[in-house]
Amino acid sequence: MFTVYTYSIAGLLVISFTVFVQNIVAAVAHRKQSHYIPGKVSEDLSHNSFVFRSHRTFHNSLENIHQFTLPALLCIFLGASTTLLAILVWSFALSRIAHMALYYAIVTEKNPSPRSYFYMIGTVCTFGAYGLALLNLFSNF
């Protein structure tokens, strides 16, 4: 059963690994500060600080990963279209990587920022995964 979902599972691994890398980047950036308290990011920091941006990137991904991966996994268990699911998973994965790269690179408090567009692509993919799961759930009756 899972063999046919190889591309989707590989994409889910990329998503998970991306969040793992973000965790490491945020931890290293935080530790390189001259004054830091382990586990706490200063409230005085803003987008002009890489420590702030790396921390927010990681936490933004933590806020979003389960919202996408759970319905994607349900799609696998419900026997959803392998092609459509793979497109959703890889679109989400690439949008989150682009979001991460832009969050690291661009110092802006302007909204919407360029990263917002990639966040929205990920949100559309999440809605798609929920829709695909629901469609397959009720088509099996």
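The values are calculated or read from the model by the stated rules, or taken from the named source; none is laboratory data. Here the structure is a predicted model, which is why all the values come from computation and not from measurement. No Cβ is skipped: glycine too gets one built from the backbone with ideal geometry, and neighbour counts run over all protein chains shown. Ligands, DNA and RNA are stripped out before the accessible areas are found, and what is left, the full protein with its side chains, is counted by its heavy atoms. Shrake-Rupley method; radii C 1.70, N 1.55, O 1.52, S 1.80 Å.
Brief remarks follow.
- Some residue of the stretch 73-80 being surrounded by 15 or more Cβ atoms within 10 Å (Cβ to Cβ), touching a residue at least 12 places away in the same chain (Cβ under 8 Å) and under 20 Å from TYR119 (Cβ atoms): no
- All of LEU45, LEU62, LEU84, LEU13 fail the test of being surrounded by fewer than 18 Cβ atoms within 10 Å (Cβ to Cβ), of a type in the set (A, V, I, L, M), in contact (Cβ under 8 Å) with a residue 40 or more places away in the chain and over 25 Å from SER139 (Cα atoms), apart from LEU62.
- Residue that is surrounded by the fewest Cβ atoms within 10 Å (Cβ to Cβ), among those in the stretch 16-39 that are farther than 30 Å from ILE87 by Cβ and under 22 Å from the mean Cα position of the chain (by Cα): GLY39
- Of residues in the stretch 98-119 being open to solvent by 60 Å² or more (accessible area, probe 1.4 Å) and hydrophobic (A, V, I, L, M, F, W, C), the one nearest to ASN64 (Cα to Cα): PHE118
- Residue match in the stretch 59-78 (condition: farther than 18 Å from VAL14 by Cα and in contact with a Ser or Thr (Cβ under 8 Å, 6 or more places away or on another chain)): no
- Checking GLY122 against (1) crowded, with 19+ Cβ neighbours inside 10 Å; (2) modelled with pLDDT under 95; (3) among the small types (Gly, Ala, Ser), the condition it does not meet: (2)
- PRO112 vs. criteria in contact (Cβ under 8 Å) with a residue 60 or more places away in the chain and out of contact with any Asp or Glu (no Cβ under 9 Å at 6 or more places or on another chain): no
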